[in-house]
Amino acid sequence: MTKIAPSVLSADFTKLKDEIDTLEGAEWLHYDVMDGHFVPNISFGYGILSQLRKITDKFIDVHLMITDPLFYCDEFIKAGADLVNFHLESQDSVEHTKALLAYIRKQGVKNGLTIKPGTDVEALKPFLDDVDLILVMSVEPGFGGQSFNPKAVEKIKAIKDMRGDRNFVIEVDGGINAETGKQCVEAGADVLVAGSYVFKAKDRKAAIASLL
């Protein structure tokens, strides 16, 4: 069954608990970390994640859009991440990527690997046996409110074919709404990250239900 992961980045932080409490039907939360270096914008770190962990028991998928995920991943795990997801493009070799994926699992949480819109799915092939999740970015990381890139649908289909009988999940993030979400699920996506579509909806329960 499809899982919905509202992006905390779109929430109103002056009333965060109330915001999270409105997310009926969403089993996951997506937590975007931006460092101002790997991507141009800056978001939040592990201090806020530890506060978020205190107010929810939802599965928290931490997406590290940062230059040095190895340096920081322990702090995010201690703060309450259930899954630590980093960019393939942040690593300089297959060996370093595999080592970081293994290290995250060794800490007792799930791992994930993200690719930007310009990265070919072929680059994922060395890691298919090492990942718990693959995230396909359907927009350029680092900015909210971008339009969905339809090339993501073909990428999802290709990754689903590559997956075979492996059990990692396929996630998609960027420009997700009822229409694009359906396209992604039909292509093989298991998890839909939705930010403004959920948090700007007058009826968030209905918005989430429209994605399921």
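The values are calculated or read from the model by the stated rules, or taken from the named source; none is laboratory data. Just so it is clear, the model here is predicted, and its values are computed rather than measured. Glycine also receives a Cβ, built like all others from the backbone with ideal geometry; neighbour counts cover every protein chain displayed. Areas reflect the complete protein model, heavy atoms only, side chains present, ligands, DNA and RNA absent. Shrake-Rupley method; radii C 1.70, N 1.55, O 1.52, S 1.80 Å.
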Separation in nanometres of the label points that stand 7 Å from Cα toward Cβ, at ASP165 and HIS96: 3.6 nm
Label-to-label distance, nm, for residues given as ILE48 and GLU179 (7 Å Cα→Cβ offset): 3.0 nm
5 Å binning of all Cα-Cα separations within the chain, expressed as whole percents from 0 upward: 1, 7, 17, 21, 22, 17, 10, 3, 1, 0
Carbon and sulfur %, accessible surface of the stretch 1-125 computed with the full protein complex present, 1.4 Å: 52 percent
Calculated P(r) of the stretch 98-188 - Cα pairs past 24 Å, %: 20 percent
Kirkwood hydrodynamic radius of the stretch 60-145, from inverse mean 1/r over distinct Cα pairs, in Å: 12.9 Å
MRE, 222 nm, helices only [DSSP H, n ≥ 4, -39500 (n - 2.57), over the chain, to nearest 500]: -10000 deg cm²/dmol
For the stretch 1-70, diffusion coefficient by Stokes-Einstein and Kirkwood Rh (Cα), 20 °C, 1.002 mPa s, µm²/s: 168 µm²/s
Heavy-atom accessible surface of the stretch 171-212: percent carbon and sulfur, 1.4 Å: 49 percent
Whole-Hz ³J(HN,Hα) from phi, Karplus 6.51 cos²θ - 1.76 cosθ + 1.60, for the stretch 159-170, glycine and proline x: 5, 4, 5, 5, 5, x, 9, 5, 10, 6, 9, 10
FRET efficiency, 1/(1 + (r/R0)^6) with R0 35 Å, evaluated for GLU154 and PHE13 via beta carbons: 0.45
